[in-house]
Structure formats: structure tokens, C-alpha cells
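Quick notes on the structure that follows.
Every number here is computed from the coordinates shown, using simple stated rules; none is lab data. Since the structure is predicted, the reported quantities are computational estimates derived from the model, not experimental observations. Here the Cβ positions follow ideal geometry from the backbone for every residue, glycine too, while neighbour counts run over all protein chains shown.
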Amino acid sequence: MKKIVLSLVLLSTAFLAACYGGGSDSSDAKSASSDEMKQELNLVAGAEIPSLDSSLGIDEIASQWLGSTKDGLYRLGPDSTPEPGIAKSHEISEDGLNWTFELREDAVWSNGEPVTAHDFVFAWQRAVDPDTGSEYGPYMMNGVIKNAKEVSEGEMEVDALGVKAVDDYTFAVTLAKPVPYFESMVAFPTFLPMNEAFVTEQGDQYAMEAENILSNGPFKMTEWNQGEGWTVVKNEDYWDADEVQLEQINVKVVKDTAAGVNLYQTDAIDQVGLTSEFVDQYRTSDEFNIEKAPVTFFLKMNQENEVLQNKKARQAIQYIIDRESMVDVILNDGSEAVDGIVPSDFVSHPESGEDFRDLNDGLIEYNPEKAQQLWTEAKQELGIESTELRFLGGDTEVSKNMDAYLKDQLEKLEGLTVKIESVPFKVRLQRDKNMNYDLQNFGWGPDYLDAYSFLNMWMTDGGNNKTGYSSETYDSLINQASGELALKPAERFDTLVEAERLLIEEDAVLAPLYQDGVAQMRKSYLKNVTSNPMGAEYTYKYAYIEK
């Protein structure tokens with residue numbers, strides 16, 4: 001889900017260098033002093049929430065606040081592994097196709113109604129109903145849940161989807177094939193439940209304002225001023241409310257890093273992301289921290305553009321960008337140059353233990369001479385001397401700085417002019433969906449704990465492909481990883497490694513840039529916020545303030 005626009009991470013709503021640990025760390029940390037403190041957290045976000053409809057959300061900001069206000073079957077715990085949400089437990093059939101979830105009977109919506117298996121059936125069916133227009137419903141469920149593809153393409157009715165309420169508190173799911181990562185997958189926002197009567201009553205206003213939202217999670221939204229910010233408060237009716245110590249979280253939309261830093265210095269907010277010009281200034285502070293996130297950024301190249309249909313032109317773009325200088329000078333925040341799209345320190349080979357990134361090292365390189373040669377050959381094949389490419393960029397300070405750097409790098413290719421088109425976040429998401437761009441700096445974080453989350457999106461006509469790329473060979477590799485090799489971990493892993501090599505080195509579909517690093521300042525009294533590799537970027541359920 002995590003379509004990420006540069007600067008959203010930098011002006012993030014929390015911090016990555018959080019306390020890890022489960023069980024006793026989150027509960028025993030309650031102390032007399034923390035109970036006496038005002039449990040109110042003030043944060044900034046780099047953009048508005050586009051939508052809090054879990055069927056329609058497609059970005060990290062929506063993911064964050066959906067994950068804060070709702071519980072799915074499972075949620076990620078302090079150690080980034082699934083912990084019980086609405087599901088108390090589950091059973092899996094021997095063939096891996098049938099999952100039966102036993103739901104807790106003490107979970108309620110913020111209007112007092114019980115959360116039941118019917119809420120999951122309705123939400124999952126709605127997400128693949130073609131009338132809903134969900135991008136992530138089909139993307140996440142097609143080929144995973146039985147009949148999801150047929151339903152999303154209008155060939156079957158929604159009640160044919162492989163989900164069933166056996167009774168109010170037993171939810172059964174039939175998969176189309178074994179899915180090794182399904183337990184972590186159901187912690188993703190697309191799989192959150194919905195109260196059918198409430199959603200129907202709200203109509204097209206559902207999840208557009210605070211009063212049009214129901215919560216069943218740790219917090220509930222009480223105020224949402226479009227373009228300015230929002231407030232969530234502790235949900236006293238939450239089934240696990242005793243574990244929630246924060247009483248209120250206030251989020252202000254701030255697109256400019258300097259403005260965010262000023263708010264932090266005046267104690268108006270409790271955490272702020274830092275861009276390169278501030279990192280050296282604050283690096284020696286006790287409140288400074290930096291962490292690497294499982295998020296990669298890369299240039300998407302739209303092959304509907306005649307120039308970018310040419311493989312040598314795309315390879316030239318891969319080779320002309322000095323990624324090391326970009327992370328050291330432009331970002332200066334702990335980000336690392338990468339030559340693929342699966343991040344490091346994310347997944348490792350089930351037998352050898354080698355990191356995915358180490359197994360696929362050296363896919364591209366910075367080589368301006370080779371880039372110019374490839375570009376010259378591309379122009380000859382295309383019969384052109386010069387061309388202009390539109391670069392779809394963001395409207396924040398950080399985005400503009402990065403886009404300017406990339407424009408400068410790309411225009412070193414003789415005869416290439418890059419026209420930057422800076423637009424707001426919502427507009428950028430829509431233009432990506434409509435493939436109304438030539439180039440764009442695009443970020444992706446995992447939807448579940450598996451390399452497949454980064455690689456399946458580039459299949460022919462994939463819902464998040466949006467590059468015009470199509471390869472029978474690539475499709476075959478991805479299909480093998482999700483089909484015949486699903487229960488053969490080592491062979492499956494090797495196949496995904498080969499798929500990434502084909503995507504980047506052989507077919508030059510994307511130009512990898514960097515793995516995200518997050519440099520931040522955060523107040524020392526903010527405790528027990530944990531970062532997640534997927535879904536909601538941060539967990540506030542166990543957080544507290546202790547001064």
C-alpha cells in the first residue's frame with residue numbers, strides 16, 4: 001500500500017528509532033510519573049490524508065491513521081510480528097487453503113455495536129467489488145482469496161468471494177492457493193473490517209470527515225480539518241483500552257521542514273523529520289536519531305512514452321544518476337544508495353541466511369560514459385537529436401530539492417530536457433494512476449513481510465504497475481513464486497531474486513535510487529513508539545509520555 005512521496009517520511013508523524021520489545025516492555029513501563037503526565041502527543045505530517053476509507057486508501061498517511069484507529073484480524077506488535085487484533089486465534093487446513101479465525105466477543109465499534117465476522121465479510125467483498133473502484137482490493141486479493149479476480153473483473157457476484165461468516169465470531173477464508181505470508185497480510189489496512197449499516201448510511205461521505213468514521217482500534221478521530229490537520233483520542237471502548245496510555249494525538253500538516261523544525265524548537269511538537277541541511281546541525285544532540293527503513297525509492301519510467309519505450313534510453317537513465325552523491329549530499333539522512341527495489345535487512349534466504357540485497361548486488365552502476373553511449377544509440381534508433389520528458393514531482397520543499405537534483409543529473413544526457421511538474425500529493429497519486437507522467441520519483445514500502453510485495457506489482461497489467469511494462473518471462477517467474485513454489489521456501493526465494501534481476505538489469509524497467517533513511521529529532525519523554533515494516537508505519541498503541 002505504501003505509495004510514498006518524498007518528504008512524507010521526512011516530515012513523518014513519528015520516529016523510527018523507537019523502543020523495540022514486547023509484552024512486559026509495553027505494560028510494565030507504566031509508572032507513577034507517566035500516569036501523572038499529560039498524555040498528549042503533538043506531531044506533524046507532510047501531507048493531508050487523502051482518504052480514510054480502507055478500501056480506497058493507497059498511501060502511507062492513510063495507512064498510518066487507519067492502523068491507529070482500527071483493528072483488523074491481526075496487527076503488528078512491538079517486535080513487528082503479528083499479534084491478536086479482533087482475531088484471538090486461527091487454524092489452517094493441511095493444504096494451506098482454508099483459514100478459520102476465531103474472533104473476540106468483546107470488540108465494539110465506536111457507536112457501541114459489536115465487531116463481528118460479518119464486518120470482515122462486508123469489507124473484503126467491498127474491496128473487490130468493481131463498483132467500489134478500489135485499487136488495493138484487487139491488487140491485494142486477486143490470486144490470493146478464492147474468486148477475488150473473477151469478482152473484481154465483474155465475472156462473478158461479490159458473494160462468490162472466498163470469505164464466510166460461519167457465525168458472528170467465526171470468520172472463514174478460502175485461499176486461491178497457499179500464501180506463506182497471509183498472516184502478516186491480514187494486518188494490512190485493505191483487510192480492516194467495516195460496519196455495513198454505517199457505511200451504507202454515510203454513502204459517498206463515508207470516511208471523508210471525522211463524523212463519517214467508525215473506529216474499533218486504540219484511537220478514534222474526533223477532528224479533521226482538511227489541509228490543516230487532525231486529532232485522534234483514546235478509544236475508551238477499545239477491547240484493549242487498558243494498554244493505551246496516550247489520551248490524544250494532534251497532527252498538523254506541515255510541508256516545509258524548516259517550519260517543522262521551528263515548531264519542534266519551540267516545543268509545539270514532539271518530533272520532527274530532518275532534511276539534509278538540518279542533519280549536521282543537530283547530529284550531536286541527544287534527541288537526534290537515525291534509522292534505515294524498509295522503503296526503496298526509484299524512478300518509474302512510463303513506456304507509453306515513445307522515447308522510454310527504448311530500452312537503451314531507460315538504461316542510460318539508470319547509469320547517469322550518481323546515487324552515492326545523492327544520498328551523501330542531497331539527503332544526508334542515513335539513506336543508502338541501492339541497485340534494486342527490495343530493501344536490505346528485510347528478508348533473507350531461508351537456507352543460507354543471506355540478505356536478499358546481498359544476493360542481487362551490482363544490478364546497475366553509476367557510469368556516465370556508458371550512459372552517454374547508450375543514450376546516443378537510443379537517439380539514433382529513435383531518429384531524434386533531442387527530446388523533453390515530463391518529471392512528475394511533489395510540491396514540498398524536500399521533493400523540489402530532490403527533483404531538481406535528478407533533473408540536473410538526467411540533463412547530462414545530451415539533448416535531454418526535463419520539465420518538472422510539481423503537484424500536491426493527491427494530484428500526484430491520481431496522475432500516477434492515470435499514467436499521466438513520463439518520469440517520477442516513486443517510493444514503495446512493503447504490504448506484508450515478503451519480497452513478493454516489491455516484485456509482484458510489475459506483472460503485466462498489475463494494478464500498481466503503471467509503467468506499461470509487460471514481460472511473459474517476468475510474469476512466469478512471479479507466478480511460480482506465488483504458485484507451484486509457494487511451499488518451497490528456498491526455490492521460491494531464488495526465483496524472486498531472479499525476477500528482480502530481470503526487472504532491473506535485463507529489462508531496465510526502473511532506475512533504483514536509494515533505501516530510505518529517516519533522520520529525526522524527538523523528545524526524550526516520548527516512549528515506546530515502535531516502527532513497522534508494513535501497514536501503519538508506527539504503532540502508538542503502547543506509547544506514553546514520561547517527563
Spin-label point model (7 Å from Cα, Cβ direction): what's the Glu243 to Thr222 distance in nm?
-> 2.3
Towards the positive end of the charge dipole of the chain, with charges on Cβ (+1 Lys, Arg; -1 Asp, Glu), say which of Leu455, Ser352, Thr81 has the farthest Cα.
-> Leu455
Normalised by the number of residues in the chain, what is the relative contact order in percent for Cα pairs under 8 Å and 6+ residues apart?
-> 23
Per DSSP H run of n ≥ 4, the term is -39500 (n - 2.57); total these for the chain, divide by its residue number, and report the mean residue ellipticity at 222 nm rounded to 500 deg cm²/dmol.
-> -7500 deg cm²/dmol
Taking the convex hull of the Cα atoms, report for the stretch 292-517 its projected area averaged over all directions, in nm².
-> 11.7
Straight-distance crosslink candidates among lysines, where the alpha carbon sits under 26 Å from Lys164 and sequence neighbours closer than 8 are dropped = Lys70, Lys88, Lys146, Lys149, Lys177
For the stretch 79-109 and the stretch 363-422, write down the distance between their C-alpha centroids in whole Å.
-> 48
Go ahead and collect, in residue order, the members of the stretch 173-203 whose backbone nitrogen is under 16 Å from a label point 7 Å along the Cα-Cβ direction of Glu484.
-> 178
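Grab the alpha carbons of the stretch 364-447, take their convex hull, and tell me the volume per residue in Å³. Walk me through the numbers before you get to the answer.
Details: hull volume 10.9 nm³, N = 84.
Convex hull of Cα atoms, per residue: 130 Å³.
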What's the Kirkwood radius of the chain in Å, using all Cα pairs?
-> 24.0
Which distance in Å, rounded to a whole number, links the C-alpha centroids of the stretch 251-268 and the stretch 488-547?
-> 25
